[in-house]
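For reference, the structure is listed below as structure tokens.
The values are calculated or read from the model by the stated rules, or taken from the named source; none is laboratory data. All values derive from a computational prediction rather than experimental measurement. For neighbour counting, all protein chains shown are included, and Cβ atoms are generated from backbone atoms with ideal geometry for every residue, glycine included.
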There are 2 protein chains.
Amino acid sequence: MHLPSTTALRVIAALAQHGTVSAAAVALSLTQSAVSKQLKAVEALIGLTLFNRARHGLVPTEAGIVYIEQARVALGALETAAVRTARLRGSRPVLRLHVLPILGDRWFMQRLIGFTDQHPDVDVQFVTYASREAHRDVDVVFRFGEGQWPGWNADYFLGRDVVLVGAPMTLDRGGGIADWRDIARFRLLVHPQTPLHWDRLFAQYGGLDIPPEQTITLSYYALVIRGAIGGQGLALVPRTLITRELAAGELVNPLGIGFESQNCYWLTTPNERPREGVLKHFCVWALAEAARSEMPQGAVSS
Amino acid sequence: MHLPSTTALRVIAALAQHGTVSAAAVALSLTQSAVSKQLKAVEALIGLTLFNRARHGLVPTEAGIVYIEQARVALGALETAAVRTARLRGSRPVLRLHVLPILGDRWFMQRLIGFTDQHPDVDVQFVTYASREAHRDVDVVFRFGEGQWPGWNADYFLGRDVVLVGAPMTLDRGGGIADWRDIARFRLLVHPQTPLHWDRLFAQYGGLDIPPEQTITLSYYALVIRGAIGGQGLALVPRTLITRELAAGELVNPLGIGFESQNCYWLTTPNERPREGVLKHFCVWALAEAARSEMPQGAVSS
DNA sequence: CCCGACTATTCCAATATGGAATAGCATGCT
DNA sequence: AGCATGCTATTCCATATTGGAATAGTCGGG
């Protein structure tokens, strides 16, 4: 039997992550056409549909879920191989970063060049699909949580400042938001890893009951943001991840509603690996850059 | 960064298994040229040598060991994906076999057609690189051992009959074997999973001390057999695996020396999966075919 | 019923792949 | 030494695959 190509695997993973062919194409630096064909090729190979073509993008079928999972395992293995051999090669210093996809897309890609320009000798490697076990290979892991991980040194990175946003169209159509209670008139986009965000918000303002059918759960942050832009409903998103959209007016934050979240992004390094040399430079740079990107005035940039 | 192609991964895995470019090429149904190029491509990709070109084949470097391991993980994931989706497809009955490479190469490939001819509707799938965890996906696992696996139903398959063999050239050069004690004059090829075979043989005949430096340990059975054919020394091999070589005179079994091993190949099925329908047919067929292949008269075949 | 936001398809150029033949390189035998 | 042997590396070339640009098709919403 024929095996899928590695780009096919990347396509599957990217589709799962971004939810649409076009978005996946951008993420992979391919055209929509190429992605569409790769997907079709894999589906032909296994004789099953992997994604149901739904209204606003692709939804994995049962087979798709299985395949996505294994594609990630395979890609993870290749990443692990690359990282471990790079360490063996040891020609130039290697910095291995484990970055959650959303951070990679929305924060790192634009800014990392600032670091690599200063340190052209350093081989910066991204690890995205790695399993937990592969954490021992990396120098820095960016995590989402409350800042406590045994054996890891954690610094607040970004994302504490969570804001309520929606597309202008959405707000208009729903009659606008003049008071926080108006939120109840909209559909709410939920991210499974942070379902408590909404509860937290309502608690702050005094309570609000939203029936579950008025929420949409989207498996990736990227989808939540896209959904909000596309007018699916209101979202709660760390402000730093959408500075561009806020600046461009694609998303707006009515009444400045938001809160400080306990759950945010942290920069963590293994305790046993002291932050020195290149690693130290990187941590200092990343934390400074993150702080800068959270300052309101620094937020306006393409 | 570019990723290796999936054929490159298969090449790496096959090289690790067969130890030479040419043998790997045969196993993959490619030319030696193609395999050589793929290997070179991967080495260029990661900037390291994966195999040291040694006297009789390729020996993995440190980087090679890492890479081989991850290539197997990646291929295993793809196999798992294929198997699990095939089950979902469910168009025609699927039979998933986990087969050790040596059995696949030396026994199944030639005989399986006898089964598929009788059951053209059945989708027979091989699983080779699968992790232990993936065992739950398979219908039949061929294992090497003593026949006891909790939760598994085991039938003796083949390989009990272990014989001492060497290339005719080897035997001539070493002065022939007129008595079992003459074994001490030869180098012995050892397979790490069955190091006790030699002890077992010597015990049977009354003891013999072989200094360790007179042995060569080869990591795969395929290499042991190849080594014996190539004149590296004497080997202890299940007779069924080398019927062709014995018939062709490439290997000879002086004096008929050999013994019944406790460690041999077993056909096992999970207890919770009753042997019925296609599964039953396959087990019956495989066991009968194995028995037939172990009969001396049945042994002569190309 | 058209518009917008998608995905699928077609055509074509660029690239990668794999086979056949050949060269190169050690080793062991005479 | 010198040749035969059993490998791997390289070159050349036909073919298959890939990916981009443009185009067509699809679906839901105002």
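Need a quick list: helices (runs of 4 or more DSSP H) entirely within region A:139-234 having at least 3 residues that are away from DNA strand C (no atom under 16 Å from the Cβ) and surrounded by 15 or more Cβ atoms within 10 Å (Cβ to Cβ).
A:196-205
Among the residues of region A:8-25, write down those that are farther than 30 Å from B:R92 by Cβ and more than 10 Å from DNA strand C (Cβ to nearest atom).
If we filter region A:8-25 for residues that are farther than 30 Å from B:R92 by Cβ, which is where we start, we get A:10, A:14, A:17-25.
Hits for region A:8-25 are A:R10, A:A14, A:Q17.
It is to be established whether one or more residues within region B:253-270 are over 20 Å from the mean Cα position of the chain (by Cα) and over 30 Å from B:R181 (Cα atoms).
yes
Hey, can you tell me all the residues within region B:33-56 that are part of a strand (DSSP E or B) and either within 7 Å of DNA strand D (Cβ to nearest atom) or in contact with an Asp or Glu (Cβ under 6 Å, 6 or more places away or on another chain) (or both)?
B:R53
When the residues of region A:89-106 are narrowed to those that are part of a helix (DSSP H, G or I) and more than 12 Å from chain B (Cβ to nearest Cβ), which ends up nearest to A:A222 (Cα to Cα)?
A:I102
Could you tell me which of the residues A:Q70, A:Q38, A:Q17 is out of contact with any Gly (no Cβ under 6 Å at 6 or more places or on another chain), more than 30 Å from B:A63 (Cα to Cα) and either hydrophobic (A, V, I, L, M, F, W, C) or without any contact (Cβ under 8 Å) to a residue 60 or more places away in the chain (or both)?
A:Q38
Kindly indicate whether B:R136 is more than 21 Å from the chain's Cα centre (by Cα), surrounded by fewer than 17 Cβ atoms within 10 Å (Cβ to Cβ), basic (K, R) and over 23 Å from B:S5 (Cβ atoms).
Yes: the conditions hold for B:R136.
Scan A:A71, A:A81, A:A86 and give me the residue that is over 23 Å from A:A23 (Cα atoms), modelled with pLDDT of 90 or more, within 14 Å of another protein chain (Cβ to nearest Cβ) and crowded, with 20+ Cβ neighbours inside 10 Å.
That would be A:A81, the only listed residue that is over 23 Å from A:A23 (Cα atoms), modelled with pLDDT of 90 or more, within 14 Å of another protein chain (Cβ to nearest Cβ) and crowded, with 20+ Cβ neighbours inside 10 Å.
Yes or no: region B:42-51 includes at least one residue that is within 12 Å of DNA strand C (Cβ to nearest atom), touching a helix residue (DSSP H, G or I) at 6+ places or on another chain (Cβ under 6 Å), modelled with pLDDT of 90 or more and more than 30 Å from B:T269 (Cα to Cα).
yes
Consider A:L30 against the criteria (1) of a type outside the set (D, E, K, R); (2) assigned to a loop (DSSP other than H, G, I, E, B); (3) within 13 Å of chain B (Cβ to nearest Cβ): it satisfies all of them except one. Which criterion is unmet?
(3)
For region A:2-25, enumerate the residues that are surrounded by fewer than 16 Cβ atoms within 10 Å (Cβ to Cβ) and out of contact with any Leu (no Cβ under 8 Å at 6 or more places or on another chain). Step through it out loud before you land on a result.
At the first step, the residues of region A:2-25 found to be surrounded by fewer than 16 Cβ atoms within 10 Å (Cβ to Cβ) are A:2, A:22.
Passing the criteria: only A:S22.
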